[in-house]
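Novice: Sharing a structure here in structure tokens format.
The values are calculated or read from the model by the stated rules, or taken from the named source; none is laboratory data. Small disclaimer: the values here were computed from a predicted structure and weren't measured. Here the Cβ positions follow ideal geometry from the backbone for every residue, glycine too, while neighbour counts run over all protein chains shown.
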Amino acid sequence: MSTINIDHTSRWFGNVVAVNDITMNIGPGVTGLLGPNGAGKSTLINMMGGFLAPSTGSVTLDDEPIWRNERIYKKIGIVPEREAMYDFLTGREFVVANAELHGLDERAAKKALATVEMEYAQDRKISTYSKGMRQRVKMASALVHDPAVLLLDEPFNGMDPRQRMQLMELLRTMGDQGRTVLFSSHILEEVEQLASHIEVIVAGRHAASGDFRRIRRLMTDRPHRYLIRSSDDRALAAALIADPSTAGIEVDVEEGALRVQAVDFARFTTLLPRVARDHGIRLLTVSPSDESLESVFSYLVAA
């Protein structure tokens, strides 16, 4: 099992600071890397993969520096976002070339192509591939040497729903095997489904780390929103609004429910069942209405 350590790392290009003093650890399992366009995700992945040197700080794998360390490169597979490929090669030739760079033969390439289900198109020129097929052959190339660490920059781009599900299952399996898998994506629902851990980068800075629900609950300066249905919504609303943990309540007639904003998460979660019990009110539904990964992401970007 391998761990990537990023320690007070920055990277700039002239006067542009792409990554600004980031510290994080990426361990075994599947980690999602989130951030808007231009946040610094690709720069960070390229430093983890050994394509870029940090301007300051360090990026290490199992306590060894990654930059210009050929021994470490053998542990890492990377799927870049960029489209540029050797279009004059067939898919098989492309993967075999990468296998040979690692001192492996065509058997390793055949296994990698089978893993991503690209045998049927392996003898076609890459120039004839769709975007989703290009992504899969890049994935095969990254897997050809059976790496302990897999880095993927926007891997779901151009894939149809079936291909996405196949790749998600493959990444999930690799994470369960104890490999270190990091991927970036703008498809937030997929990150929510796939990643056991998330890292959020905004404007080159590390904005948050951990399970997205835990991150949401740590943001105590913002209200937590709930959709609540009960046996007596009006009586419940009157009791809740009297407590300082509740910032506002709206009666949603169409939903037949209350929309509640709580500013003190810990206090509200003990208040609600106590108020319902004391007033003889049955709670039918209590569900957070802003704990999706998209909501968390929006809050962090706006902060």
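Novice: Can you name the condition, by its number, that ARG162 falls short on among (1) surrounded by fewer than 16 Cβ atoms within 10 Å (Cβ to Cβ); (2) more than 29 Å from ALA84 (Cα to Cα); (3) in the same structural domain as GLY50 (by TED's automatic domain parsing)?
Specialist: Answer for ARG162: the failing condition is (2).
Novice: Also, I was wondering about something else. When ARG164 is evaluated against the numbered criteria (1) in contact with a Phe, Trp or Tyr (Cβ under 8 Å, 6 or more places away or on another chain); (2) part of a loop (DSSP other than H, G, I, E, B), which criterion, by number, is the only one it fails?
Specialist: Condition not satisfied by ARG164: (2).
Novice: Can I ask one more? crowded, with 16+ Cβ neighbours inside 10 Å, assigned by TED's automatic domain parsing to the domain that holds SER185 and within 25 Å of GLN177 (Cα to Cα) - does that describe any residue in the range 82-93?
Specialist: Within the range 82-93 (the criterion being crowded, with 16+ Cβ neighbours inside 10 Å, assigned by TED's automatic domain parsing to the domain that holds SER185 and within 25 Å of GLN177 (Cα to Cα)), the answer is no, since none of the residues qualifies.
Novice: Between ARG172, ARG213, which is closer than 30 Å to THR115 by Cβ, within 15 Å of the chain's Cα centre (by Cα) and touching a residue at least 40 places away in the same chain (Cβ under 8 Å)?
Specialist: Of the residues listed, the single one that is closer than 30 Å to THR115 by Cβ, within 15 Å of the chain's Cα centre (by Cα) and touching a residue at least 40 places away in the same chain (Cβ under 8 Å) is ARG172.
Novice: What single numbered condition from (1) free of Cβ contacts under 8 Å to residues at least 60 places away in the same chain; (2) crowded, with 18+ Cβ neighbours inside 10 Å; (3) in a helix (DSSP H, G or I) fails to hold for PHE156?
Specialist: Exception for PHE156: condition (3).
Novice: So which residues in the range 175-186 are surrounded by 15 or more Cβ atoms within 10 Å (Cβ to Cβ) and out of contact with any Ser or Thr (no Cβ under 9 Å at 6 or more places or on another chain)?
Specialist: Correct list: SER185, HIS186.
Novice: Right, next: State the number of residues belonging to the range 6-48 that are surrounded by fewer than 22 Cβ atoms within 10 Å (Cβ to Cβ) and either on the phi > 0 side of the Ramachandran plot or in a loop (DSSP other than H, G, I, E, B) (or both).
Specialist: Matching residues across the range 6-48 total 10.
Novice: On the given criteria, is ASP233 at pLDDT 90 or above, more than 21 Å from GLN193 (Cα to Cα) and acidic (Asp, Glu)?
Specialist: Judged against the criteria, ASP233 is a match.
Novice: Looking at the range 134-160 only, could you name the residues that are at pLDDT below 90 and over 18 Å from the mean Cα position of the chain (by Cα)?
Specialist: Selection gives ASP160 alone.
Novice: Quick check: is even one residue across the range 209-218 surrounded by fewer than 18 Cβ atoms within 10 Å (Cβ to Cβ), among the small types (Gly, Ala, Ser) and at negative phi?
Specialist: Yes: the range 209-218 contains one or more residues that are surrounded by fewer than 18 Cβ atoms within 10 Å (Cβ to Cβ), among the small types (Gly, Ala, Ser) and at negative phi.
Novice: With GLU154, GLU117 as the choices, which residue is in contact with a strand residue (DSSP E or B) (Cβ under 9 Å, 6 or more places away or on another chain) and on the phi > 0 side of the Ramachandran plot?
Specialist: The match here is GLU154.
Novice: Does the range 95-130 hold any residues that are closer than 21 Å to ASP160 by Cβ, surrounded by 20 or more Cβ atoms within 10 Å (Cβ to Cβ) and touching a residue at least 40 places away in the same chain (Cβ under 8 Å), and which are they?
Specialist: VAL116 - this is the single residue of the range 95-130 that is closer than 21 Å to ASP160 by Cβ, surrounded by 20 or more Cβ atoms within 10 Å (Cβ to Cβ) and touching a residue at least 40 places away in the same chain (Cβ under 8 Å).
Novice: A follow-up question, please. Touching a Ser or Thr at 6+ places or on another chain (Cβ under 6 Å) and over 27 Å from PHE156 (Cβ atoms): which single residue out of ASP62, ASP87, ASP105 fits that description?
Specialist: Only one candidate qualifies: ASP62.
Novice: Out of ASP243, ASP221, which single residue is at pLDDT 90 or above and among the charged types (D, E, K, R)?
Specialist: Of ASP243, ASP221, the one residue that is at pLDDT 90 or above and among the charged types (D, E, K, R) is ASP243.
Residue-wise test of (1) surrounded by fewer than 15 Cβ atoms within 10 Å (Cβ to Cβ); (2) more than 23 Å from the chain's Cα centre (by Cα); (3) of a type in the set (Ser, Thr, Tyr).
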position: HIS206; (1), (2), (3): no, no, no
position: ILE241; (1), (2), (3): yes, yes, no
position: THR246; (1), (2), (3): no, yes, yes
position: ILE249; (1), (2), (3): no, yes, no
position: GLU254; (1), (2), (3): yes, yes, no
position: LEU258; (1), (2), (3): no, yes, no
position: ASP264; (1), (2), (3): no, yes, no
position: PRO273; (1), (2), (3): yes, yes, no
